[in-house]
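Reading through the structure tokens given below for one structure.
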Amino acid sequence: MSAPRAATAVPPVARIGDIDVLRGAALLGILLINAQLMAGPDVALGGGVGAGLADRGTARATTALVTGKFYLLFSFLFGYGFTVQRRSAERAGVAFAPRHLRRTAALFLLGLVHAVLLFPGDILMTYAALGLILFALRDVRPRWLLRISAVLLASLAALLLAYGLLTLVLERTHGLGVVTADTGAAYRGGPGSVVRTNIELLPRFLGANVLYSADLLAAFLAGLAAGGRRILAGPGPRPVLLRRVVALGLPLGLAGGAFVAVCTHGPLDGGWYFVGQAVGILTAPALTAAYACGVLLLVRTPAGRGIGATLAPAGRMSLTNYLAQSLVLALVFTGYGLGLYGRVGATTVLGGCLFLYAAQLALSALLSRHRRSGPAEFLLRAATRGGFPRRTG
């Protein structure tokens, strides 16, 4: 039997700069939410141990402005990227289905390792599973994709609202806590204890991902529809359209986010939690769209071009940066390193996130001078294409 043939290098499809910029911006939102979860549930729900006014305010602001917004943006870009990968396969003259299946399998395995070793709240496994549905719907017309997306959001919101109202009638709290004091001690233990705890919590996090998978899939399909129409290609959307989305989406999204914060942190009691979640499902896409369009408007101005140039390298290495964030957070909050789980407040977590994000922007810019992408992207691309590209020259 002959040796496996290495993948032949083909000219890549030209990168779409807006996608890289938006991914780079979304990394900060993802970091803020994951850091709260990895720091301990009290940070997200109440500001952390001994929370003062600043910590409680930070937790509320994060819920209102960040929670549930940026994973939607990443999901939208995942769906859009699917269309780019499909065109790349067609341009290379290879079958797209095997490429997509290899990519999906690699993404799932990478997510599993990430969940077990670093963060059980991993999203990559869910992305891989939903990527199969994305493939099945790849030839559906954009108009119908958007209709399916709207039905998914409405259905999930109705389910959460019904459960929330039932909770209020029965006068029960939402019971968000998924960790205990014993879990905190386990996370502050040695590496073996951290891995065991991640494995124990993984089914609960996966269950939450399954519950909100309709939300993710809706964003996937919206991205697939946008990719089919190539709205981010070339010069991108017209500024007048971007401004209109910001003007309409910002007030609706902010109002919805404020209501979610009130239901999560009070003064409404815990029974309102799922009612707030239902409102968030319906209004978060508006704020996500406003954020994305606002970023695109900003980087089109003379003053904002430098910001775009700073965000784009991080966006090209978004998978590497996502995994690096979890590694650093695990070193800070678990027994892998400092073991600060449950011992810091939301304001301290926020400050640390801003520092880490700034470092990632700088390191991504430095690395981009020598490489097109990060190591995680390189491995995922090799898995997608079935081998490492040959050296030329």
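The values are calculated or read from the model by the stated rules, or taken from the named source; none is laboratory data. Treat the numbers as computed from the prediction; the structure is a model and nothing was measured. With ideal geometry, Cβ positions are generated from the backbone for all residues, glycine too; neighbour counts draw on all protein chains shown.
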Considering region 342-364 alone, what residues qualify as being farther than 18 Å from Leu323 by Cβ and either crowded, with 16+ Cβ neighbours inside 10 Å or at pLDDT below 90 (or both)? Gly342, Arg343, Val344, Gly345, Ala346, Thr347, Thr348, Val349, Leu350
Search result, residues across region 294-319 that are of a type in the set (A, V, I, L, M) and part of a loop (DSSP other than H, G, I, E, B): Ala303, Met317
Scanning region 296-326 residue by residue, those of a type in the set (A, V, I, L, M, F, W, C) and either crowded, with 16+ Cβ neighbours inside 10 Å or in contact with a helix residue (DSSP H, G or I) (Cβ under 7 Å, 6 or more places away or on another chain) (or both) turn out to be Leu296, Leu297, Leu298, Val299, Ile307, Leu311, Ala312, Ala314, Met317, Leu319, Leu323, Ala324
Checked region 89-141 for anything under 22 Å from the mean Cα position of the chain (by Cα) and among the acidic types (Asp, Glu); matches are Asp122
Mind counting the residues in region 247-257 that are closer than 17 Å to Ala64 by Cα and either among the aromatic types (Phe, Trp, Tyr) or surrounded by fewer than 18 Cβ atoms within 10 Å (Cβ to Cβ) (or both)? 5
Check off (1) under 17 Å from Ala26 (Cα atoms); (2) modelled with pLDDT of 95 or more for Ile281 and give me the number that stays unchecked. (1)
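Restricting to region 122-146, count the residues that are in contact with a helix residue (DSSP H, G or I) (Cβ under 9 Å, 6 or more places away or on another chain) and in a helix (DSSP H, G or I).
First, the residues of region 122-146 that are in contact with a helix residue (DSSP H, G or I) (Cβ under 9 Å, 6 or more places away or on another chain): 122-135, 137-138, 140-146.
Pick out the ones that are also in a helix (DSSP H, G or I) and you get 124-135, 142-146.
So the answer is 17.
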Any idea how many residues of region 61-77 are assigned to a helix (DSSP H, G or I) and buried (at least 20 other Cβ atoms within 10 Å of the Cβ)? 11
From (1) buried (at least 16 other Cβ atoms within 10 Å of the Cβ); (2) hydrophobic (A, V, I, L, M, F, W, C); (3) at pLDDT below 95; (4) within 20 Å of Leu77 (Cβ to Cβ), pick out the condition that doesn't hold for Leu241. (1)
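Suppose the filter is of a type outside the set (Lys, Arg), out of contact with any strand residue (DSSP E or B) (no Cβ under 6 Å at 6 or more places or on another chain), touching a residue at least 24 places away in the same chain (Cβ under 8 Å) and surrounded by 16 or more Cβ atoms within 10 Å (Cβ to Cβ); does Leu130 pass it?
Details: of a type outside the set (Lys, Arg): yes; out of contact with any strand residue (DSSP E or B) (no Cβ under 6 Å at 6 or more places or on another chain): yes; touching a residue at least 24 places away in the same chain (Cβ under 8 Å): yes; surrounded by 16 or more Cβ atoms within 10 Å (Cβ to Cβ): yes.
It is true that Leu130 is of a type outside the set (Lys, Arg), out of contact with any strand residue (DSSP E or B) (no Cβ under 6 Å at 6 or more places or on another chain), touching a residue at least 24 places away in the same chain (Cβ under 8 Å) and surrounded by 16 or more Cβ atoms within 10 Å (Cβ to Cβ).
Can you list the helices (runs of 4 or more DSSP H) lying wholly within region 190-278 that have 3 or more residues being over 30 Å from Arg141 (Cβ atoms) and among the polar types (S, T, N, Q)?
Values: elements: 191-211, 213-228, 239-265.
By residue number, 191-211.
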Please state which one of Gly190, Gly121, Gly111 is surrounded by fewer than 19 Cβ atoms within 10 Å (Cβ to Cβ) and either within 27 Å of Tyr341 (Cβ to Cβ) or among the acidic types (Asp, Glu) (or both). Gly190
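Would you pick out the residues in region 327-374 that are among the hydroxyl-bearing types (Ser, Thr, Tyr) and either part of a loop (DSSP other than H, G, I, E, B) or out of contact with any helix residue (DSSP H, G or I) (no Cβ under 6 Å at 6 or more places or on another chain) (or both)? Spell out the reasoning first.
Residues of region 327-374 among the hydroxyl-bearing types (Ser, Thr, Tyr): 334, 336, 341, 347-348, 357, 364, 368, 373.
Scanning region 327-374 gives Thr334, Tyr336, Tyr341, Thr348, Ser373.
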Reported set for region 235-270 where residues are hydrophobic (A, V, I, L, M, F, W, C) and closer than 11 Å to Thr283 by Cα is Leu250, Leu252, Leu254, Ala255, Ala258, Phe259, Val260
With Ala157, Ala150, Ala162 as the choices, which residue is of a type outside the set (S, T, N, Q), crowded, with 18+ Cβ neighbours inside 10 Å, over 28 Å from Ala39 (Cβ atoms) and at pLDDT 90 or above? Ala157
Could you list, ordered by first residue, the pairs with Cβ atoms under 7 Å in which the first is in region 22-41 and on the phi > 0 side of the Ramachandran plot and the second is at pLDDT below 95 and surrounded by fewer than 24 Cβ atoms within 10 Å (Cβ to Cβ), at least 6 apart or interchain? Gly40/Gly184; Gly40/Gly342
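So for region 27-45 (the condition being in a helix (DSSP H, G or I), of a type in the set (D, E, K, R) and surrounded by fewer than 20 Cβ atoms within 10 Å (Cβ to Cβ)), does at least one residue qualify? Outline the logic, then answer.
Restricting attention to region 27-45, the residues satisfying the condition of being in a helix (DSSP H, G or I) are 27-39, 41-45.
Next cut, of a type in the set (D, E, K, R) only: 42.
So of that shortlist, the ones also surrounded by fewer than 20 Cβ atoms within 10 Å (Cβ to Cβ) come out as none.
Checked region 27-45: no residue is in a helix (DSSP H, G or I), of a type in the set (D, E, K, R) and surrounded by fewer than 20 Cβ atoms within 10 Å (Cβ to Cβ).
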Looking at (1) within 14 Å of Cys293 (Cβ to Cβ); (2) modelled with pLDDT under 95, can you tell me which one Leu252 breaks? (2)
